[in-house]
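Report on the structure given below.
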Amino acid sequence: MKYFYFFFILIVSGCSLIQLSDSADIAKEHLEDKGYRVISLVNESSGELTSSWVEGFPGSQEWDVQNVDPDEYIGKEIKRVRFKVKNHPLNSVDNDEVNVTVFLHEEEVIGGISFFVNMDGAPYSLDGN
């Protein structure tokens with residue numbers, strides 16, 4: 001019987017057991033401050049931003065919708081944190097699943113993209129523009 005209670009508590013509190021990285025926590029807070037409801041963490045990655053990425057595909061599509069100049073970040077590490085969200089401006093266009101990827105440099109949000117999971121095409125800015 002004690003195993004039943006353990007598994008019941010584990011199932012009920014399941015999502016709260018996930019510990020977010022500092023970057024994911026910052027990105028999540030940024031999205032919540034914009035009024036978006038974060039449903040789940042999809043993934044995290046990081047890497048050095050290169051001019052070949054920014055000039056190539058799909059990097060050029062991502063950086064074309066940013067409010068910052070990518071040249072400022074060439075050769076620097078960019079962290080990317082992707083979440084499934086609700087209450088995003090794209091949800092008013094289509095209620096399909098929306099993901100956002102937040103770009104961070106040195107734990108500061110510098111931009112990001114948003115997109116419909118089940119549709120092809122170029123990404124939108126973080127705010128859906």
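Overview of values
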{"item": "Every residue from region 26-59 that is touching a strand residue (DSSP E or B) at 6+ places or on another chain (Cβ under 9 Å) and either under 21 Å from LYS76 (Cβ atoms) or part of a loop (DSSP other than H, G, I, E, B) (or both)", "result": "ILE26, ALA27, HIS30, TYR36, ASN43, GLU44, SER45, SER46, GLY47, GLU48, LEU49, TRP53"}
{"item": "Residue within region 30-46 that is of a type in the set (A, V, I, L, M, F, W, C) and in contact with a helix residue (DSSP H, G or I) (Cβ under 8 Å, 6 or more places away or on another chain) present", "result": "yes"}
{"item": "Residue identified as within 10 Å of the chain's Cα centre (by Cα) and on the phi > 0 side of the Ramachandran plot among GLY112, GLY128, GLY75", "result": "GLY112"}
{"item": "Any hit, region 86-99, residues being under 23 Å from GLU48 (Cβ atoms) and among the basic types (Lys, Arg)", "result": "no"}
{"item": "Only listed residue being out of contact with any Pro (no Cβ under 9 Å at 6 or more places or on another chain), buried (at least 21 other Cβ atoms within 10 Å of the Cβ) and basic (Lys, Arg), chosen from LYS86, LYS79", "result": "LYS79"}
{"item": "Flag if VAL65 is closer than 20 Å to ASN129 by Cβ, surrounded by 14 or more Cβ atoms within 10 Å (Cβ to Cβ) and in contact with a strand residue (DSSP E or B) (Cβ under 9 Å, 6 or more places away or on another chain)", "result": "yes"}
{"item": "Selection status of GLU32, at pLDDT 95 or above, crowded, with 18+ Cβ neighbours inside 10 Å and of a type in the set (Asp, Glu)", "result": "no"}
{"item": "Tally, over region 81-92, of residues that are out of contact with any Gly (no Cβ under 8 Å at 6 or more places or on another chain) and of a type outside the set (S, T, N, Q)", "result": "6"}
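The values are calculated or read from the model by the stated rules, or taken from the named source; none is laboratory data. Predicted model only: the values in this text are computed from it and were never measured. When we count neighbours, we look across all protein chains shown, and the Cβ atoms used for this are built from the backbone with ideal geometry, even at glycine.
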